[in-house]
Amino acid sequence: MSSIDNFATGLLCSRVKTVTERALACGALISIPTNYELVEHNGVVFLVRILSNLVRKDEAKKQEQNKGSLGRDFNPFLPYEEDLWVADISDTHVCILNKFNVVDNHLLIITRRFEQQESWLTEQDFTAIWTCLADFDGLAFYNGGKLAGASQKHKHLQLVPLPLAPTGVKLPIEPLLSEASFTGSLGTIPGFPFKHAFTRLNPNWVRSPIEGGVATLEQYRNLLKALGLEVTTNNNQQTGAYNLLATRYWLLIIPRLYECFESISVNSLGFAGALLVRNSEQLQRLKEYGPMNILKSVAIPI
């Protein structure tokens, strides 16, 4: 039986708060502390987080490596930690906390059964996103492949609350999105110096996540086709790495060429205007080169 009808009742935010408190108390949730700076570049005030506790970050990584030593195919989501469980979304998806979180209330939307992270997204994936967005005003994102920042093989979408930064806008890239130009439903952002595709979504789909899932799947495939990443019918494996970002109002896809700029890793949040560096040296290099130039260097320049 589907959990959608019971789940979309306005309880997700309160569940996240309750589970977070419990998971922190028992040690299941390990928050990675950061400081941040705002770095303005090319019309965007980027939020740059700097790790303030490298020891904790490295310990978290060591924990994952130790679990991985149990077997090359170790999967932290099958089974997932019960103390991180937030809600059953549907027959196909579950919502849990991100164990090693840099952003507070960072959620993972994982498939109940194993699916490859490098497989195309499905109607059920988008229905799960809309189910969560009905009660959680956030940014959903997907790191499609290792080159796009994915660190686990098991398919997982992610959701972080908005606003993302204390800058007066919900997302650092928001000012650029308002300048989008469209040919039909296909949009491009003049301020983005890299290949991408953009479209508007209907926020009323939060009232009917199943309808939203069907409609968003169609728009997702249209964007992929425009980017030369057309879904083939005989193979569910993606034909190239990409980042996907979505809110209640829009959907954005960026193909990827590289995982890192020098030693600075970039995932989907980078294209939302939020980057993470390990130390002051990386921060200085980011400032010298420019955050937008870093995004251009790991994507496909135009």
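The values are calculated or read from the model by the stated rules, or taken from the named source; none is laboratory data. Please read these numbers as outputs of a predicted model, since none were measured by experiment. Note that we place each Cβ from the backbone using ideal geometry, even for glycine, and neighbour counts take in every protein chain shown.
Among Phe136, Phe141, Phe77, which is the only one that is part of a loop (DSSP other than H, G, I, E, B) and either β-branched (Val, Ile, Thr) or within 25 Å of Ser208 (Cα to Cα) (or both)? Working first, answer last.
Values: Phe141 fails: part of a loop (DSSP other than H, G, I, E, B); Phe77 fails: either β-branched (Val, Ile, Thr) or within 25 Å of Ser208 (Cα to Cα) (or both).
From the options Phe136, Phe141, Phe77, the qualifying one is Phe136.
The lone criterion from (1) of a type in the set (Gly, Ala, Ser); (2) farther than 20 Å from Phe136 by Cβ; (3) crowded, with 19+ Cβ neighbours inside 10 Å left unmet by Gly213 is number (2).
Cβ-Cβ under 8 Å, sequence separation 6+ or interchain: first residue in the stretch 156-177 and over 15 Å from Tyr249 (Cβ atoms) and touching a residue at least 24 places away in the same chain (Cβ under 8 Å), partner polar (S, T, N, Q) and not in a helix (DSSP H, G or I). Which pairs? Short answer, once both residue conditions are applied: His156/Thr111; His156/Gln117; Gln158/Asn98; Gln158/Asn143; Val160/Asn105; Pro161/Asn105.
Of the residues in the stretch 95-112, how many are without any contact (Cβ under 8 Å) to a residue 24 or more places away in the chain and part of a loop (DSSP other than H, G, I, E, B)? Walk me through it before giving the result.
Let us first name the residues in the stretch 95-112 that are without any contact (Cβ under 8 Å) to a residue 24 or more places away in the chain, namely 96, 112.
Within this subset, residues satisfying the condition of being part of a loop (DSSP other than H, G, I, E, B) are 112.
Matching residues across the stretch 95-112 total 1.
Evaluating Leu121 against the criteria (1) within 20 Å of Gly273 (Cα to Cα); (2) of a type in the set (A, V, I, L, M); (3) in a loop (DSSP other than H, G, I, E, B) leaves one unmet condition, (1).
Where strands (runs of 3 or more DSSP E) fall wholly inside the stretch 185-302, the ranges with 1 or more residues that are on the phi < 0 side of the Ramachandran plot and of a type in the set (S, T, N, Q) are 186-188, 197-200, 242-246. The residue that is farthest from Ile264 (Cα to Cα), among those in the stretch 142-155 that are surrounded by fewer than 24 Cβ atoms within 10 Å (Cβ to Cβ) and within 10 Å of the chain's Cα centre (by Cα), is Ala150.
Do the conditions hold for Glu259, that is, is it surrounded by fewer than 19 Cβ atoms within 10 Å (Cβ to Cβ) and modelled with pLDDT under 95? Break it down into steps so the answer makes sense when it comes.
Details: surrounded by fewer than 19 Cβ atoms within 10 Å (Cβ to Cβ): yes; modelled with pLDDT under 95: no.
Criteria not met by Glu259.
What about Lys296, is it among the basic types (Lys, Arg), out of contact with any helix residue (DSSP H, G or I) (no Cβ under 8 Å at 6 or more places or on another chain) and buried (at least 18 other Cβ atoms within 10 Å of the Cβ)? It is true that Lys296 is among the basic types (Lys, Arg), out of contact with any helix residue (DSSP H, G or I) (no Cβ under 8 Å at 6 or more places or on another chain) and buried (at least 18 other Cβ atoms within 10 Å of the Cβ).
Taking the criterion of being at pLDDT below 95 and crowded, with 17+ Cβ neighbours inside 10 Å, the residues of the stretch 225-239 that qualify are Leu229, Gln238.
Quick check on Tyr220: is it aromatic (Phe, Trp, Tyr), under 20 Å from Thr127 (Cβ atoms) and modelled with pLDDT of 95 or more? Yes, satisfied.
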